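**Student:** Pasting in a structure now, in structure tokens, and then I'll have a few things to ask.
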């Protein structure tokens, strides 16, 4: 479960803002009872790490966090010291001695000059038992291939959803699995766009209205809700080990759990016609 909404206003369709702490407590209880034991957070998700540290214990959840999203072309001691300080601050805020893993939030940081120093710093945390896994959050296949060529990564967090199928229609996912690397799917609802009524899409996405209606018709034929359809798409991709879901409230996570229980593994739906090639519509960095 993603926790951006725990500490900040996140999501292009999120009109509610951050989730109140009392509701976060109920969400965490519900997740634990329903075998959702992995939490994804980040130092730049507002005060989400502090809230998690207050509400959960080290034994309840496997926690992943991220190093800061740095816009630098070269790594020197100043940047490395900032990354290390942020990491130990995250451990303190979360009140844990070890994280399940740490993600490099900006994959380009591992392609910058002297990026090997950043990777060695992260590996030091792994070798000393502060983290178990090293991950990278990527946006496209170019980043992914470049990092595969240079570093031994445990996990790739990739954007993938009905409209963004770029990484499916190549051999890259199979190549990742050959190397025994985990694949975590993120942006599976495209920040809520896939769950939004066509009439309520933000103005910048008006060009999606026709395909949105077409997708609704497909779901109706298969007797699926929008949420169930978005989840079904991910479940059909055999290479994916884990899906990351962002939520706006307790009811949302309850809906997701109930939808997953309803879906059948043997079901297959052809979503190829819904791939969108206009990157400005499927890459949140460009919104």
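**Student:** Are any residues in the stretch 58-85 buried (at least 17 other Cβ atoms within 10 Å of the Cβ) and either closer than 15 Å to residue 45 by Cβ or out of contact with any helix residue (DSSP H, G or I) (no Cβ under 7 Å at 6 or more places or on another chain) (or both), and if so, which ones?
**Tutor:** Matches in the stretch 58-85: 61, 63, 64, 65, 66, 67, 68, 79.
**Student:** Give me the pairs, please: first residue somewhere in the stretch 12-35 and at pLDDT below 90, second residue anywhere and surrounded by fewer than 15 Cβ atoms within 10 Å (Cβ to Cβ) and not in a helix (DSSP H, G or I), beta-carbon distance under 8 Å, and either six or more positions apart or on two chains.
**Tutor:** From the stretch 12-35, the pairs are 12/202; 12/287; 13/202; 17/9; 18/9.
**Student:** For residue 39, all conditions in the list (1) closer than 24 Å to residue 152 by Cβ; (2) part of a strand (DSSP E or B) hold save one; what is the number of the exception?
**Tutor:** All conditions pass for residue 39, except number (1).
**Student:** Still on this structure, please answer the following. Being under 20 Å from residue 224 (Cα atoms), exposed (fewer than 15 other Cβ atoms within 10 Å of the Cβ) and within 20 Å of the chain's Cα centre (by Cα) is the filter here, so list the residues in the stretch 255-287 that pass it.
**Tutor:** none
**Student:** On to the next question. Could you list, in sequence order, the residues of the stretch 102-114 that are in contact with a strand residue (DSSP E or B) (Cβ under 9 Å, 6 or more places away or on another chain) and assigned to a helix (DSSP H, G or I)? Break it down into steps so the answer makes sense when it comes.
**Tutor:** Going residue by residue through the stretch 102-114, those that are in contact with a strand residue (DSSP E or B) (Cβ under 9 Å, 6 or more places away or on another chain) are 102-107, 109-110, 112-114.
Across the stretch 102-114, the qualifying residues are 107, 109, 110.
**Student:** Name the residues in the stretch 71-87 that are more than 23 Å from the chain's Cα centre (by Cα) and touching a residue at least 40 places away in the same chain (Cβ under 8 Å), would you? Write out each step before concluding.
**Tutor:** Narrowing the stretch 71-87 to residues more than 23 Å from the chain's Cα centre (by Cα): 73-82, 85.
Once the filter is applied, which keeps residues that are more than 23 Å from the chain's Cα centre (by Cα) and touching a residue at least 40 places away in the same chain (Cβ under 8 Å), the stretch 71-87 yields 73, 74, 75, 80.
**Student:** If I filter the stretch 217-226 for residues that are surrounded by 13 or more Cβ atoms within 10 Å (Cβ to Cβ), without any contact (Cβ under 8 Å) to a residue 60 or more places away in the chain and in a loop (DSSP other than H, G, I, E, B), do I get at least one hit? Spell out the reasoning first.
**Tutor:** Quick first cut of the stretch 217-226, residues surrounded by 13 or more Cβ atoms within 10 Å (Cβ to Cβ) only: 218-219, 224-226.
Next, only the ones that are without any contact (Cβ under 8 Å) to a residue 60 or more places away in the chain stay: 218-219, 224-226.
This time we only want the ones that are in a loop (DSSP other than H, G, I, E, B), so: 224-225.
Looking through the stretch 217-226, at least one residue is surrounded by 13 or more Cβ atoms within 10 Å (Cβ to Cβ), without any contact (Cβ under 8 Å) to a residue 60 or more places away in the chain and in a loop (DSSP other than H, G, I, E, B).
**Student:** Continuing with the same structure: Determine which member of the set 176, 253 is touching a strand residue (DSSP E or B) at 6+ places or on another chain (Cβ under 8 Å), part of a helix (DSSP H, G or I) and modelled with pLDDT of 95 or more.
**Tutor:** On the way: 253 fails: touching a strand residue (DSSP E or B) at 6+ places or on another chain (Cβ under 8 Å).
When all the criteria are applied, what remains is 176.
**Student:** From the set of residues in the stretch 52-70 that are part of a strand (DSSP E or B) and within 15 Å of residue 244 (Cβ to Cβ), which is farthest from the chain's Cα centre (by Cα)? Steps first, please.
**Tutor:** At the first step, the residues of the stretch 52-70 found to be part of a strand (DSSP E or B) are 62-67.
Among the residues that remain, those that are also within 15 Å of residue 244 (Cβ to Cβ) are: 62-66.
Details: 62: 15, 63: 13, 64: 11, 65: 11, 66: 11 Å.
Within the stretch 52-70, the match that is farthest from the chain's Cα centre (by Cα) is 62.
**Student:** Still on this structure, please answer the following. Hey, can you tell me all the residues within the stretch 97-121 that are buried (at least 19 other Cβ atoms within 10 Å of the Cβ) and within 18 Å of residue 62 (Cβ to Cβ)?
**Tutor:** 99, 100, 101, 102, 103
**Student:** Then there's this: Within the stretch 148-163, is there a residue that is on the phi < 0 side of the Ramachandran plot, part of a strand (DSSP E or B) and more than 19 Å from the chain's Cα centre (by Cα)?
**Tutor:** So in the stretch 148-163, the residues on the phi < 0 side of the Ramachandran plot come out as 148-163.
From what is left, the residues that are part of a strand (DSSP E or B) are 155-159.
Subsequent filtering for residues that are more than 19 Å from the chain's Cα centre (by Cα) retains none.
Within the stretch 148-163, none of the residues are on the phi < 0 side of the Ramachandran plot, part of a strand (DSSP E or B) and more than 19 Å from the chain's Cα centre (by Cα).
**Student:** Cβ contacts < 8 Å: first residue at positive phi and in contact (Cβ under 8 Å) with a residue 12 or more places away in the chain, restricted to the stretch 180-209; second residue buried (at least 19 other Cβ atoms within 10 Å of the Cβ) and assigned to a helix (DSSP H, G or I), any location; separation 6+ or different chain. Result?
**Tutor:** 190/282
**Student:** While we're here: If I filter the stretch 140-164 down to residues being over 25 Å from residue 84 (Cβ atoms) and touching a strand residue (DSSP E or B) at 6+ places or on another chain (Cβ under 9 Å), which single residue comes out as surrounded by the fewest Cβ atoms within 10 Å (Cβ to Cβ)?
**Tutor:** Step one: list which residues in the stretch 140-164 are over 25 Å from residue 84 (Cβ atoms), which gives 140-142, 144-145, 148-149, 158-164.
Applying the additional criterion that residues be touching a strand residue (DSSP E or B) at 6+ places or on another chain (Cβ under 9 Å) yields 140, 144, 148, 158-161.
Details: 140: 15, 144: 22, 148: 18, 158: 28, 159: 20, 160: 25, 161: 22.
The selected residue is 140.
The values are calculated or read from the model by the stated rules, or taken from the named source; none is laboratory data. What you see is a predicted model; the values in this text were computed from it and never measured. Quick reminder, even Gly has a Cβ in these numbers, built from the backbone with ideal geometry, and neighbours come from all protein chains shown.
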